[in-house]
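Everything on this sheet refers to the single structure shown next.
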Amino acid sequence: MARFEEEVWAVVRAVPVGRVTTYGAVARALGMEGASRRVGWALNACNRAAEPVPAHRVVNRLGMLTGQAHFGTGWSMEDRLEQEGIRVKAGRVVEFEELFWDAAVELAHEAEGT
DNA sequence: CGATTGACGTACG
DNA sequence: TCGTACGCCAATC
């Protein structure tokens, strides 16, 4: 199957608790900077993932919880994010820029051996 | 098989 | 500065 989804899930699961990333960042981490839309699509297919994917840590480049509608009406992204210590205001991650976790950069640092 | 969509992002008007 | 249009690649209808 499309490893693309698995790659996305892997990156998303690599996001530390209390941190968030963006679709574009994940896409770029996979080598498809312009393919941000596919990341969302892949996360949409995250339900077919064997393990639960913390897609709630993935937001758009503005830090807005755009995928909240896809999560469910009850247990939404904001609640989960707050569960991890991430403050959410008006459907947007507070101090998102500080909580932003760029997989393309962070993972690259680990590859270098810190 | 062909056209449209998609949890986005960038470029242009 | 704000709004609209288009492009990404793959999946779905």
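A short reminder: the numbers here are calculations on the coordinates, not readings from a lab. Source: prediction; values computed, not measured. Backbone-built Cβ (ideal geometry, glycine too); neighbour counts: all protein chains shown.
Worth a mention:
- Among (1) in contact (Cβ under 8 Å) with a residue 40 or more places away in the chain; (2) more than 11 Å from the chain's Cα centre (by Cα); (3) crowded, with 20+ Cβ neighbours inside 10 Å; (4) part of a helix (DSSP H, G or I) - the single one A:Leu107 does not satisfy: (3)
- So A:Asn44, is it surrounded by fewer than 18 Cβ atoms within 10 Å (Cβ to Cβ), under 13 Å from the mean Cα position of the chain (by Cα) and closer than 17 Å to A:Phe4 by Cβ: yes
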